[in-house]
Amino acid sequence: MGNAAIKEGQQLVGDHISKRNFEKLARFIYDYSGIKMPPTKLTMLEGRLRRRLRATNISSFDSYCDFLFDGGGLEQEVVHLIDAVTTNKTDFFREAKHFEYLQTVALPDLVKRGSRRLRAWSSACSTGAEPYTLAMVLADFVADRSDVDYSILATDLSTDVLQVAKRGIYADDVVAPVPTDLRRRYVMTASQPGRREVRITPRLRSKIGFGRMNLMDKTYSVGDPMHIIFCRNVLIYFDKPTQADVLGRLCDCLAPGGYMFIGHSESISGFDLPLKQVSNTVFQRY
């Protein structure tokens, strides 16, 4: 990359994204991922992208943007660029009321309706806490029902977090929110003394298929209709038209009578969707 190369150990000091390049980056990020990047996020974007400049051996933000938009680098760099700007906050049993509702109301209702092969989708799975929590609840539910089984699809835009999720290995404090009885059944502790790591059991990992998906895609290739869709704490990054489009496509993937869960800080108010509210931020397709 010619004069753009960084010398060994050289640091990016005082370099900033120009207004023109920030606008180009923000427009591309929005068009590709639906993530809003207002001017207030300029400093955050600079901090996130400094790692990419080091990784690509490019010496300045201007050179990086030239590489992306004029030098043909966008195709090879886009996954890394989007990985750098996505936010991946997640916890086991986050917003625990959702899992209580799933266990006590939604799953019994789905079985009563005749569903025997329950399909769940964690559409923004991050590092895996949500789909593994789903798997624990579903595994417990089907344990004494020999005629009922389940599978989980877990997708995310970020390849980095998907690699973590597939491994299913976490620091032991990360699984602290998991109830003790579930931890005993579904979480393995490291055999080496002093290694403060745990891993989700192979039985649970085998029930989840992980894959990269962009919710901005015009269609979602998820196979048969889903009985359960979790799309939590994602809509907040989208503007209203994008929220409406994403929710509409998710509804297309949800079986009649199926349940959709969104984040507690999110709303579907004002959208024309085939959903009725059945609990706080829980909706059922009609």
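Suppose the filter is surrounded by 15 or more Cβ atoms within 10 Å (Cβ to Cβ), at pLDDT below 95 and among the aliphatic types (A, V, I, L, M); does Val142 pass it?
No, not satisfied.
Spot the failing condition for Val148; the list is (1) out of contact with any strand residue (DSSP E or B) (no Cβ under 9 Å at 6 or more places or on another chain); (2) more than 25 Å from Arg249 (Cβ to Cβ), and only one is missed.
Of the numbered conditions (1) out of contact with any strand residue (DSSP E or B) (no Cβ under 9 Å at 6 or more places or on another chain); (2) more than 25 Å from Arg249 (Cβ to Cβ), the odd one out for Val148 is (1).
Can you name the condition, by its number, that Ile169 falls short on among (1) at pLDDT below 95; (2) surrounded by fewer than 21 Cβ atoms within 10 Å (Cβ to Cβ)?
For Ile169, the failing item is (1).
If I filter segment 4-47 down to residues being modelled with pLDDT under 90 and among the charged types (D, E, K, R), which single residue comes out as farthest from Cys65 (Cα to Cα)?
If we take residues in segment 4-47 being modelled with pLDDT under 90 and among the charged types (D, E, K, R), then Glu8 is farthest from Cys65 (Cα to Cα).
Go through Lys97, Lys89, Lys112 for me and flag whichever is closer than 28 Å to Ala176 by Cβ, modelled with pLDDT of 95 or more, basic (Lys, Arg) and out of contact with any Leu (no Cβ under 7 Å at 6 or more places or on another chain).
Lys97
Filter segment 82-130 down to residues that are β-branched (Val, Ile, Thr) and under 12 Å from the mean Cα position of the chain (by Cα) and give me whichever is nearest to Gln284 (Cα to Cα).
Among those that are β-branched (Val, Ile, Thr) and under 12 Å from the mean Cα position of the chain (by Cα), it is Thr90.
Look through Ile268, Ile229 and report the one residue that is of a type in the set (Val, Ile, Thr) and under 18 Å from the mean Cα position of the chain (by Cα).
Only one candidate passes the filter, namely Ile229.
Restricting to segment 120-144, name every residue that is without any contact (Cβ under 8 Å) to a residue 40 or more places away in the chain and more than 22 Å from Ala84 (Cβ to Cβ).
Val137, Phe141, Val142, Ala143, Asp144
From the list Ala124, Ala129, Ala135, Ala106, which one is among the aliphatic types (A, V, I, L, M), closer than 20 Å to Pro202 by Cα and in contact with a strand residue (DSSP E or B) (Cβ under 7 Å, 6 or more places away or on another chain)?
Just a single option satisfies the conditions, and that option is Ala135.
The values are calculated or read from the model by the stated rules, or taken from the named source; none is laboratory data. What you are looking at is a predicted structure, and each value in this text was computed from that prediction instead of being measured. Positions of Cβ are generated from backbone atoms using ideal geometry, with glycine treated the same way; all protein chains shown enter the neighbour counts.
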